[in-house]
Amino acid sequence: MGSVLDRVGHRIGRYLSRPVVNEFLTPPTPPEVLLRTLLPGDVLLVEGNTRISGIIKYLTQSTWSHAALFVGDSLARRPGAPSLAFIEADIVEGVRAVGIEAFAGLPTRICRPAGLLQEDREAVLRFAIERLGHQYDLRNIIDLGRYLFPTPPVPQRFRRRMLTLGSGDPTRAICSTLIAQAFQSVRYPILPERIPITGNDPGCPECVEEVLRLRHYSLFAPRDFDVSPYFAIIKPGTASAARYRELNWADRGGTKPA
């Protein structure tokens with residue numbers, strides 16, 4: 001039965017991964033500008049242009065449909081690996097390393113884990129690198145694929161749960177699941193559950209203490225890195241904002257002001 005699901009999943013995966021015409025609301029950042037801004041451990045959110053991108057954006061009510069982890073030059077010594085690499089879970093190829101050209105022409109957003117210790121950063125990168133070659137969760141592909149024929153009017157409160165329909169096999173991964181597991185392996189928070197605890201203090205039985213609990217990794221979507229209070233949003237254009245007087249405006253004849 002598993003091999004049948006795999007064959008069906010591969011066929012659906014190839015269909016869902018085909019690009020479609022899409023008008024983006026935000027302009028893409030030039031690849032060279034992204035590379036100058038990125039640091040290892042950053043999460044790159046991507047507004048994709050494939051069929052499955054549209055499904056994920058619908059289910060999560062978000063612009064972002066894909067996430068990749070920037071590992072910098074960690075794979076530079078591997079034959080065939082990009083000198084500056086991202087690790088992503090591709091719907092057809094599985095967990096793989098790609099270069100910046102994979103996201104050329106697509107709107108992106110950089111999410112940087114604030115205050116992440118260097119030793120934990122290295123552990124996060126190592127976690128992702130060790131999973132290169134793992135398969136995409138093909139049962140998730142089957143579950144997601146049925147939203148094309150046609151897309152049902154699912155209430156928003158149910159959409160996040162729709163993303164937990166995969167096999168649960170740890171050797172398979174979807175893009176945001178893989179990255180969430182990597183950060184949770186060092187207990188770095190993304191969107192943890194907050195649980196109130198009462199009566200722990202004998203001197204104050206009515207006092208309420210709040211503790212955190214890790215959410216299951218299958219519940220994470222790309223947008224969660226965007227809305228997480230623990231990830232800073234890095235905008236490449238801010239580095240040149242201080243030089244705004246030097247910008248070349250068309251209504252000034254393309255000449256810089258004196």
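The values are calculated or read from the model by the stated rules, or taken from the named source; none is laboratory data. Predicted, not measured: the structure shown is a model, and the values here were computed from it. Neighbour counts are summed over all protein chains in view; Cβ atoms, including those assigned to glycine, are modelled from backbone coordinates with ideal geometry.
Quick notes on this one:
- Residue count for region 98-136, restricted to those that are charged (D, E, K, R), out of contact with any strand residue (DSSP E or B) (no Cβ under 9 Å at 6 or more places or on another chain) and under 22 Å from S185 (Cβ atoms): 4
- Restricting attention to region 224-249, the residues that are within 18 Å of P27 (Cα to Cα) and either of a type in the set (K, R) or assigned to a helix (DSSP H, G or I) (or both) total 8.
- Output for region 37-93, where each listed residue is assigned to a loop (DSSP other than H, G, I, E, B), of a type outside the set (D, E) and within 16 Å of the chain's Cα centre (by Cα): L38, L39, P40, G41, G48, N49, Q61, S62, T63, W64, S65, I91
- Residue check, T50 over 18 Å from P236 (Cβ atoms), crowded, with 20+ Cβ neighbours inside 10 Å and at pLDDT below 85: no
- Within region 209-232, tally of residues that are surrounded by 13 or more Cβ atoms within 10 Å (Cβ to Cβ), hydrophobic (A, V, I, L, M, F, W, C) and in contact with a strand residue (DSSP E or B) (Cβ under 7 Å, 6 or more places away or on another chain): 3
- Cβ-Cβ distances below 7 Å connect the following pairs, each with a first residue in region 223-250 that is without any contact (Cβ under 8 Å) to a residue 40 or more places away in the chain, a second residue that is small (G, A, S), and a separation of six or more residues or different chains: N248/G254.
- Hits in region 200-222 (condition: in contact (Cβ under 8 Å) with a residue 40 or more places away in the chain and either within 11 Å of I190 (Cβ to Cβ) or among the small types (G, A, S) (or both)): Y217, S218, L219, F220, A221
- Scanning region 11-26 for residues that are of a type outside the set (V, I, T), in contact (Cβ under 8 Å) with a residue 60 or more places away in the chain and either outside any loop (DSSP other than H, G, I, E, B) or touching a Pro at 6+ places or on another chain (Cβ under 7 Å) (or both) returns G13, R14, Y15, L16, F24.
- For the criterion of being under 30 Å from A232 (Cα atoms) and at pLDDT below 60, R160 passes.
- Residue check, S83 over 15 Å from A182 (Cβ atoms), surrounded by 15 or more Cβ atoms within 10 Å (Cβ to Cβ) and in contact with an Asp or Glu (Cβ under 8 Å, 6 or more places away or on another chain): no
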